Structures are given as structure tokens and as C-alpha cells.
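One structure is given here, and the rest of the page talks about it.
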């Protein structure tokens, strides 16, 4: 005699449990499929907010050459001491002054293909570069003029930036969402449907402004006129709406 025949109630209970589990599995599997098939409207919005820069970064330095390393270093140190003195005289704080590059390299005579002898060192070059952040753009021309007159023989350029872009990003987000909502309403009206609840909101790219470079060769160092212009922050969002 089989176990099913000996315990008929137990066998019936087991079959009922299998049936219930099978139905539960079918419902769970069908749920996401039904949700995925629900009609939606998906739109993207974009907004850009511009503002004038409030910071400028300057690059300046001294390149010195001499027959010996010690002589090149002494000449460079003396010149850079004057450069730093001029920078500090402008009231620029120490945390806005940073050495960006320092190098010592040997110098050789020009290469001559008809000379089989190996080239020998004829001197040394010392390069010291400093990066300065100017928070008061009204004094930018004064800073450039001071660097040019301090003995710095390398002026890399000036770049403009915005110190804190978070307020611009917040405003751009609000405007990007408003842009997406307006597009969704327009699409719904054109299709003859009504918008339901917002299903999802996703932020895409946030384009922050890159420092805008200006070569110092284009500046007249007598008066040092500069034009910082404007920089922009751009935000993209994607929104999904249910359709009623």
C-alpha cells in the first residue's frame, strides 16, 4: 500500500500547497511584466545658468640658466623671491599661492650630425612656476602688472572660474525639471491623453564650467585690460509619467 493511499488527507494537503505556491509564482512573475507594459511618457529637460566668474588663476615663473647648478639655482631663487614678494604685497593669502612646477635640467649644445663626438653639458636650466588665485577680479590687472614687473620671465596665462557652482546647479536643476514637465504636458495634449503620477526622475549630466584660458600675449601689460565674460552650468534630467 502506498503512502498516498495510507494517508489520503496528507496527500491532498500536499497537492493544495503545491497549487497555491504555483499560483503565487505566476502572480509574482506576471506583476513586473504588467507594470512594464503600463503606458508612460518619458521626457528629458535641460537648462543652463550663466554667471560672471569670481576667481582668476594666474601662472607665472622664472627660468634661469647658468654654467653650474649652483649658479642657476641662486639666480632663480633670487628672482622668485622678488616674485613672491610682489604677490604677497597684493594681499593674496598664502593658501592661494602654490608652486606648480620646479625643475632642473642640463643644457647641451645644438645637435650637429657631422660631429660624431657625444654632446657634453654646457650649463643648467632651473624653472620655477607658481600658480596664484585672485579672488578680487577688480585687482586682476594690478596682479598681472605686478608679476610682469617683478622679474617673472614666464607668464603662462590667466583662467577664469566660479568658486562655488552649487547655487547655479540648483537653479539649473529646477529649470531643467520645469522644462521636462512642460514637454510632458505638450506631448500629452498632442496625444489626447492625461498625465498621471510621476514615475521617476533621474538627473543626467551636470556640465560645470571649465576654466576659461586667456593667453597673456593678448594683454597689454601697460594697463592690463581683461574681460572675464560669463561661464555656464548645464543640467540634464529625465522624467517618466504614467498616462491616465
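The values are calculated or read from the model by the stated rules, or taken from the named source; none is laboratory data. The structure presented is a predicted model; accordingly, all values stated were derived computationally and were not measured. Virtual Cβ from ideal backbone geometry, glycine too; neighbours counted across all protein chains shown.
Here are the numbers:
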{"item": "Members of segment 184-220 found to be surrounded by 15 or more Cβ atoms within 10 Å (Cβ to Cβ), modelled with pLDDT under 60 and assigned to a loop (DSSP other than H, G, I, E, B), listed by number", "result": "211, 219"}
{"item": "Near pairs, Cβ below 7 angstrom, 6+ apart or cross-chain, from segment 40-68 (part of a loop (DSSP other than H, G, I, E, B)) to any residue that is surrounded by 19 or more Cβ atoms within 10 Å (Cβ to Cβ) and modelled with pLDDT of 95 or more", "result": "68/124"}
{"item": "For residue 95: the one exception among (1) free of Cβ contacts under 8 Å to residues at least 40 places away in the same chain; (2) surrounded by 11 or more Cβ atoms within 10 Å (Cβ to Cβ); (3) assigned to a helix (DSSP H, G or I)", "result": "(2)"}
{"item": "Residue in segment 148-158 that is modelled with pLDDT under 90 and assigned to a helix (DSSP H, G or I) present", "result": "yes"}
{"item": "Residue check, residue 117 surrounded by fewer than 18 Cβ atoms within 10 Å (Cβ to Cβ), in contact with a strand residue (DSSP E or B) (Cβ under 6 Å, 6 or more places away or on another chain) and either outside the structural domain of residue 47 (by TED's automatic domain parsing) or under 30 Å from residue 199 (Cα atoms) (or both)", "result": "no"}
{"item": "Residue list for segment 48-68, restricted to those being more than 26 Å from residue 96 (Cβ to Cβ) and either surrounded by fewer than 17 Cβ atoms within 10 Å (Cβ to Cβ) or out of contact with any strand residue (DSSP E or B) (no Cβ under 9 Å at 6 or more places or on another chain) (or both)", "result": "48, 65, 67, 68"}
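Okay, residues lined up against (1) more than 20 Å from residue 157 (Cα to Cα); (2) touching a helix residue (DSSP H, G or I) at 6+ places or on another chain (Cβ under 8 Å):
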| residue | (1), (2) |
| --- | --- |
| 80 | no, no |
| 86 | no, yes |
| 92 | no, yes |
| 99 | no, no |
| 107 | yes, no |
| 110 | yes, no |
| 113 | yes, no |
| 128 | no, yes |
